[in-house]
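Participant: So that we are looking at the same thing, I have put the structure below in structure tokens.
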Amino acid sequence: MAAIRGRAGRPVTLDPSTLAVSLGRPHGPGAPVNPPIGLSSTYRLGGDTIYGRDDSPTWSAFEEVLGGLEGGRALSFSSGMAAIAAVLGTVSVGGIVVAPRGAYNGTRRLLGQAAEQGRLTVRSVDISNTEETVTACEDAALLWLESPTNPQLAIADICALAPAAQMLGAAVVADNTFATPLLQRPLDMGADVVVHSVTKYLGGHSDLLMGAVVTRDDEWFDNVLTARQYGGAIPGSLEAFLALRGLRTLPVRLARAQETAGELAARLTLHPEVERVRYPGLPEHPGHDIAKSQMRGFGAMVSFDVVGGAPAADAVCEAVKLLVPATSLGGVETSIERRGRYVGEENTPPGLLRMSVGLEHVDDLWADLEQALAAVNR
Ligand SMILES: *Cc1c(COP(=O)(O)O)cnc(C)c1O
């Protein structure tokens, strides 16, 4: 847990909403309130920073805030996939990686490529099935967790899986993109490493791509830092500045979006054109109890299956007027897409729509969804 010094010099623990605002600021009289956007590729010799691929004051400020929120030390990358590639790159050739069958498409495809090249062996599991997942961890180097998963919002029992996998010798990595550290802190639950697509909720405005890795383990930190230095997948300073600016308001953005998401999920369950709503906050969601025990909220992602499959779901995406038909998620604007349209999503139900709930008024969003769902039968 990040702490600052209190009046008596003792560390005081602050609420995440306070940390998001107060960490990562330059100190001292005359210091700017915000870190400057550092635009220098090199530094005068004799100081701590030598070259712009090693370090940057703009990334460091962002990393201090994210590290404080996750309870570890953070390293920023040029994208979520760059962060994921850096972590997977630490696995020795021939290593076994256990990963969710329903993980983010990019993660699955990167793992698939590594398997095809004979670099890694991948064991795909139903991550909501704890027994199946633990059994697969025998002799594995790494257990890759994602919870809730993208896009089916399945829940993994992180508190049970992390120690069980470690007992079998596997390191545990959690993609915390959907939950964010405000709703779930995987390092507290025993995970060794957290990865993020900063592009999504942390940045929060659909105006940048960035990724991050967070860990408490010094060896992991050094290995991932080396992977960043040699792999070179560093973020730009403008991106890091925008990501930090986004992170400042994450607590208020997420609280509002989550409230709206819960309400829309409940209304969708009653809609005749909707076959199934996938939202961990709904009592009927198979992972509801675990989500309730390990998360501080259920998030702002809602997936739902439209009656009539792919053509009906496509019709909804074409009919929305306020919601934005687009990929990606976590922005202030509500976006929607049919995930099954992409290569690699063959296991996603064809009529599934993934909705990233933003900050518009709930009734305006509902009115748009209702008229779009009505268009299915027109
Ligand atoms: C988007 C996403 C990624 C990849 O992040 P990029 O910033 O697009 O490279 C990884 N994991 C999850 C869960 C995502 O949603």
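Only the coordinates and a few stated rules stand behind these numbers; no lab work does. Treat the numbers as computed from the prediction; the structure is a model and nothing was measured. Please note: Cβ atoms are built from the backbone with ideal geometry, for glycine as well, and neighbour counts cover all protein chains shown.
Participant: Multiplying the sequence separation of Asp15 and Glu275 by 0.36 nm and subtracting their Cα-Cα distance, what value in nm do you get?
Facilitator: My answer for the length gained is 89.7 nm.
Participant: For the range 237-338, what log10 I(q)/I(0) values come out of the Debye formula at q = 0.20, 0.21 1/Å, with one point per alpha carbon and no solvent?
Facilitator: -1.12, -1.18
Participant: If I stretch the segment between Ala367 and Lys292 completely, what's the gain in nm (0.36 nm per residue apart, minus their alpha carbon distance), one decimal?
Facilitator: 24.1 nm
Participant: Please compute the contact order of the range 11-246 in relative form: average sequence separation of alpha-carbon pairs under 8 Å and at least six residues apart, divided by the residue count, as a percent.
Facilitator: RCO, the range 11-246: 23 percent.
Participant: Suppose each label sits 7 Å from its Cα in the direction of the beta carbon; what would the Glu259-Thr42 distance come out to in nanometres?
Facilitator: 5.3
Participant: Right, here's the next one. On a 0 to 90 degree scale, rounded to 10, what angle separates helix 158-167 from the longest Cα axis of the chain?
Facilitator: With rounding to tens, the tilt is 60 degrees.
Participant: If amide H atoms are built 1.01 Å from N in the plane of the peptide, which residues on other chains or at least 5 residues away come under 5 Å of the amide H of Ala174?
Facilitator: Placed amide hydrogens put Leu145, Val193, Val194, Val195 under 5 Å from Ala174.
Participant: Above 14 Å lies some portion of the pair distances; for the range 185-249, what is it as a whole percent of all C-alpha pairs?
Facilitator: Considering the range 185-249, 62 percent of its Cα-Cα pairs are separated by more than 14 Å.
Participant: Once label points are set 7 Å from the Cα along Cα→Cβ at both Asp126 and Arg53, what is their separation, rounded to one decimal in nm?
Facilitator: Placing both labels 7 Å along Cα→Cβ, they lie 4.6 nm apart.
Participant: How large is Rg over Rh for the range 61-208, taking Rg from the Cα atoms and Rh as the Kirkwood inverse mean of 1/r across Cα pairs?
Facilitator: Ratio value, two decimals: 0.94.
Participant: According to a simple spin-label model (label point 7 Å from Cα along Cα-to-Cβ), what is the distance in nm between Tyr342 and Val307?
Facilitator: 2.9
Participant: For the range 286-378, treating each Cα as an identical point scatterer without solvent, what Debye log10 I(q)/I(0) comes out at q = 0.19, 0.21 1/Å?
Facilitator: -0.92, -1.06
Participant: Give me the dipole magnitude in Debye, nearest 20, for the chain about the Cα centre, with unit charges on the beta carbon: positive for Lys and Arg, negative for Asp and Glu.
Facilitator: Dipole magnitude for the chain comes out near 860 debye.
Participant: Here is a follow-up. Given R₀ = 22 Å, what would the calculated FRET efficiency be for Val33 paired with Glu333, taking r from the Cβ atoms and rounding to 0.05?
Facilitator: Efficiency computed from Cβ-Cβ geometry: 0.20.
Participant: If Lys and Arg each add +1 and Asp and Glu each add -1, what is the summed charge of the other residues whose beta carbon sits under 12 Å from the beta carbon of Ser60?
Facilitator: -3
Participant: Restricting to the chain, what percent of DSSP beta bridges are antiparallel, rounded to 5?
Facilitator: The antiparallel proportion sits near 60 percent.
Participant: Also: Just to confirm my numbers, what's the Cα centroid distance between the range 106-168 and the range 273-341 in Å?
Facilitator: 23
Participant: Let me see the pair-distance distribution of the chain: every alpha carbon pair, 10 Å bin width, integer percents in order.
Facilitator: All Cα pairs, binned at 10 Å, distribute as 5, 24, 32, 25, 12, 3, 0, 0 percent.
Participant: Give me the one-decimal Kirkwood hydrodynamic radius in Å for the range 48-144, with the sum taken over alpha-carbon pairs.
Facilitator: Value: 15.2 Å, from the Cα pair sum.
Participant: Net charge near Asp126: determine it from the other residues with C-beta under 11 Å of the C-beta of Asp126, scoring Lys and Arg +1 and Asp and Glu -1.
Facilitator: Counting the neighbours of Asp126, the net charge comes to -1.
Participant: Give me the number: length gained by fully extending His205 to Thr226, i.e. 0.36 nm times residue separation minus the C-alpha to C-alpha distance, one decimal in nm.
Facilitator: Contour length minus the Cα-Cα distance gives 4.6 nm.
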